[in-house]
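Down below is the structure, laid out as structure tokens.
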Amino acid sequence: GGDNPIRIQSMTTTNTNDTASSIAQAERIIEAGGELVRLTTQARASENLKNINAGIRADGYKTPLVADIHFN
């Protein structure tokens, strides 16, 4: 609200254990104008987020990533 800017964001729908698909979908979000990308995962699968991050960075993207980690 107020004078704060609105940020364009979206969340991936891929399985975060599928590194290549998660990277591809995140990059499509960025290319569509996303200013940040949210990745949702279960706590037990969160370890692969580092690989997704590395892949996105290796492709030259610097867009912030946000992890939505769900716990039981």
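The values are calculated or read from the model by the stated rules, or taken from the named source; none is laboratory data. Predicted model only: the values in this text are computed from it and were never measured. Every residue, glycine among them, receives a Cβ derived from its backbone with ideal geometry; neighbour counts consider all protein chains shown. To get the accessible areas, we keep the full protein, side chains included, count just its heavy atoms, and leave off ligands, DNA and RNA. Shrake-Rupley method; radii C 1.70, N 1.55, O 1.52, S 1.80 Å.
Some observations on this one:
- Contacts under 8 angstrom Cβ, first residue in segment 1-15 being closer than 16 Å to Arg28 by Cα, partner open to solvent by less than 100 Å² (accessible area, probe 1.4 Å) and part of a loop (DSSP other than H, G, I, E, B), 6 or more apart: Ile8/Gly33; Ile8/Gly34; Ile8/Glu35; Gln9/Gly34; Gln9/Glu35; Ser10/Ala32; Ser10/Gly34
- Test for Glu35: is it in contact with a Pro (Cβ under 9 Å, 6 or more places away or on another chain), surrounded by fewer than 15 Cβ atoms within 10 Å (Cβ to Cβ) and modelled with pLDDT of 95 or more: yes
- Answer from Arg44, Arg7, Arg28 - the residue that is modelled with pLDDT under 95, assigned to a helix (DSSP H, G or I) and open to solvent by 70 Å² or more (accessible area, probe 1.4 Å): Arg44
- Of all residues in segment 10-25 being more than 11 Å from the chain's Cα centre (by Cα) and part of a loop (DSSP other than H, G, I, E, B), the one that is surrounded by the most Cβ atoms within 10 Å (Cβ to Cβ): Asn17
- Residues that are in contact (Cβ under 8 Å) with a residue 24 or more places away in the chain, part of a helix (DSSP H, G or I) and not hydrophobic (A, V, I, L, M, F, W, C) were ranked within segment 50-66; the one that is least open to solvent (accessible area, probe 1.4 Å) is Gly55.
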